[in-house]
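> Pasting a structure below so you can have a look.
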Amino acid sequence: MRWVVLIAAVGAVLLFPVEWLPKGARLQLAEWVGTPGYEAPPGGAAAVADEAEPFCPADLLEWRRAWTIEGVSVRRSPTCVADNPHAVAAVVRGTNNVSEQTLLASGLTPDAVEKGADLDGDGDPDEIHIRLEVAELNGGSPEMDEPTTQFAIAPGIKPGFWVFAPKMFGMATENFESVNARAMLRMPSPAIRIEQGDRVRITLENSHYMPHTIHFHGVDHPFLDANGEGNDGVPVTSEVPVMPGAARTYDLQPRQSGTMFYHCHVQPHVHIMMGLQGLFVVEENRPDNWLQTLNVGAGHVRAPSAAVREEFDREYDLQYLDIDKDLNAIVQQYSDPRHVIEQMHRRYDITDARSDYFTLNGRSFPYTFRESLLVTKPDERVKVRVVNGGSTGVALHTHGHKATVTHFDGIAVAPAAQVTRDVIWIASSQRVDLALQTTDDGLHSYGSGVWLLHDHQEKGVTTDGIGPGGNVAAIVYEQFLGDDGWPSTFGVDWSPYFTEAYYQRELPVWQAYDPLGMFATAGDDGWRLLRLLVLALLAAAALAGAGVLLVRRRQAR
Ligand SMILES: [Cu+2]
């Protein structure tokens, strides 16, 4: 037995990895027995990506071109994915005023955006009635393991969302076979556009399983409506929430123009973060001012207002939102509404929350490059309306440009006080209007190119800690756009970014452009593992044997 213990102990000592010894011991050992010769590290293993998605999906290319529908000029959308032009035309004319054909192509119901009388006789309708529903995206289903009504913010990334959605007919998904949400049903909730002085009614038809309201943040509205009922959307001061299956109409007649905000005010710390929020733009009153009452999608305003057309060549609506994946996963983990309510309103604690996903108009990089690019040309003036709907600030950085802040929270900044800068801080729920001048003067613009546009808080450019991701988009000059709307870039191959594996942490970061294999994943050393296993066995045998010897010696006494 004594010999067994001795052999096991000596074996364990010999197998003990030298690199685990303290530095002093290693130096002493080297002095006694010399240093070992060079040993090549184990070879690298190339990770194999799943096949990359096409950068530019080809199915809805027809929506990109300029259209004239129902007498409405819908501007060309140069990015590879564009919003539905029929829906743009329908909400400009009013869904009650267009042909059945346009309505069918738009997907909207006849009462989604009703436009009535021209009250001030200036050639455009001033009675506007908008109906919004509440929809769930990427929610759980007892029928299948996958989320249903899927909307991916990036390859394979599908957090649960709630959105205010325009009233549509038909199915939530593309068709009977598909689990994907139809194009018009998406993040973010649509930007709403009305004219100063319009008599606006907005009906919330609660098609969801939880109570909700709408609060019009920054928009001029009376606290009580004509019937003496609360009109501020706040359960604790204004009204009882709209229960599932119920409806409620809000009355507004805004006297001031500007870029405002709307959001649910029921348990707002979670409902706003689930996506129940959107831009609310009050346009200046002008004659013949037919407005794109809803902007559903990526942000390009394809039928801008008269006042914007006077001063600007293009207009974009940008909505930023950061997401805590723990909150947005609740609707995937539970399908009983009572469990969702308990988890969301009693177990989840936003004061312990951390943001994992960062989106611009409902998408993260690389999907932002399909649809949320600020496309421009030299010597243009571009109006950009930005809202930060997230819980942390956004330090919006414009590569290659310095933009001028013309409005804060919808209020014009006096010309002498306007600042021109390349990082613009936008607090939670704050709106900033930017004038982007593309004159190549080394100040406003450094010239044509593909210039990044992103939150400069570094976490904002990641997706669950993996970069590039987050809200990275770009200011792109038309000459840098291909025919399909995909920008010409001069850097690395984008294929890995269009795989789920990249965002699942399965692909080495530089492998795609590393012909020598220097940055492949380090391979596993099987011999080393075996050596450590034998070491563990021998050490255990030596200890056990020593124990047995000790017990025997005691019994012998
Ligand atoms: Cu709500």
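The values are calculated or read from the model by the stated rules, or taken from the named source; none is laboratory data. Here the structure is a predicted model, which means the values were calculated and not measured. We place every Cβ from the backbone using ideal geometry, glycine too, and count neighbours over all the protein chains shown. For the accessible areas, the whole protein counts, side chains as well, though only heavy atoms, and no ligand, DNA or RNA atoms are used. Shrake-Rupley method; radii C 1.70, N 1.55, O 1.52, S 1.80 Å.
> For segment 304-424, report the accessible area per residue in Å² (1.4 Å probe, heavy atoms, rounded to an integer).
Ligands and nucleic acids excluded, the result is 39 Å² per residue.
> On to the next question. Under 5 Å between amide hydrogens, which residues at least 5 positions from A474 or on another chain qualify, with H placed 1.01 Å from N in the peptide plane?
Here the answer is L374, L453, since their amide H atoms fall under 5 Å of that of A474.
> I need the calculated FRET efficiency for the pair R505 and I7, taking r as the beta carbon distance and R₀ as 45 Å, to the nearest 0.05.
About 0.55, to the nearest 0.05.
> What list of ³J(HN,Hα) couplings, whole Hz, do you get for segment 466-476 from phi and the Karplus terms 6.51, -1.76, 1.60, once you set θ to phi - 60° and write x for glycine and proline?
3J(HN,Hα) across segment 466-476, in whole Hz: 9, x, x, x, x, 8, 5, 10, 7, 9, 10.
> Now for a different question. If r is the Cβ-Cβ distance from L530 to E31 and R0 is 30 Å, what FRET efficiency results, to the nearest 0.05?
After rounding, the FRET efficiency stands at 0.55.
> Only Cα pairs under 8 Å and at least 6 apart count here; give the relative contact order of the chain as a rounded whole percent.
So the answer I get is 16 percent.
> Where both residues lie in the chain, what percent of DSSP beta bridges are antiparallel, nearest 5?
75 percent
> Same structure, new question: For Q101 and K23, FRET efficiency with R0 = 51 Å and r from the beta-carbon atoms, rounded to 0.05?
After rounding, the FRET efficiency stands at 0.05.
> Can you give me the accessible area per residue for segment 82-151, using a 1.4 Å probe, in Å²?
37 Å²
> Follow-up. Give the distance, in whole Å, between the Cα centre of segment 538-557 and the Cα centre of segment 74-114.
Centre-to-centre (Cα) distance: 85 Å.
> Using the Kyte-Doolittle scale, which helices in the chain average at least -1.0 and also have C-alpha atoms spread 24 Å or more along the helix axis, with helices defined as whole DSSP H runs?
What comes out of the filter, once short or polar helices are dropped, is 526-556.
> At a 10 angstrom cut-off on C-beta neighbours, averaged per residue, how do the peptides 207-219, 172-184, 431-443 rank from highest to lowest?
207-219, 431-443, 172-184
> Amide H to amide H, which residues 5 or more places from A47 or on other chains are under 5 Å from it, using H placed in the peptide plane?
T521
> List the cysteines of the chain that have no other Cys Cβ closer than 4.7 Å: which are they?
Those would be C264, since no other cysteine Cβ in the chain comes under 4.7 Å of theirs.
> I've got another one for you. How many lysine pairs does the chain hold where the Cα atoms are under 28 Å apart and the two sit 8 or more places apart or on different chains?
Total qualifying Lys-Lys pairs in the chain comes to 11.
> May I ask you to evaluate 6.51 cos²θ - 1.76 cosθ + 1.60, the Karplus curve with θ = phi - 60°, for each residue of segment 270-275 and list the ³J(HN,Hα) values in order in whole Hz, giving x for glycine and proline?
3J(HN,Hα) across segment 270-275, in whole Hz: 10, 5, 5, 6, 6, x.
> Follow-up. Per DSSP H run of n ≥ 4, the term is -39500 (n - 2.57); total these for the chain, divide by its residue number, and report the mean residue ellipticity at 222 nm rounded to 500 deg cm²/dmol.
-5500 deg cm²/dmol, from helical runs alone.
> Next question. Would you mind putting 371-378, 266-273 in packing order, based on average other-beta-carbon counts within 10 Å, highest first?
Final packing ranking: 371-378, 266-273.
> From the phi of every residue in segment 339-350, what ³J(HN,Hα) in whole Hz does the Karplus formula 6.51 cos²θ - 1.76 cosθ + 1.60 yield, where θ is phi - 60° and glycine or proline is x?
Coupling constants for segment 339-350: 5, 4, 5, 5, 5, 7, 9, 10, 8, 5, 10, 5 Hz.
> Carbon-plus-sulfur fraction of the accessible area of the chain, 1.4 Å probe, in percent?
The nonpolar share, carbon plus sulfur, comes to 56 percent.
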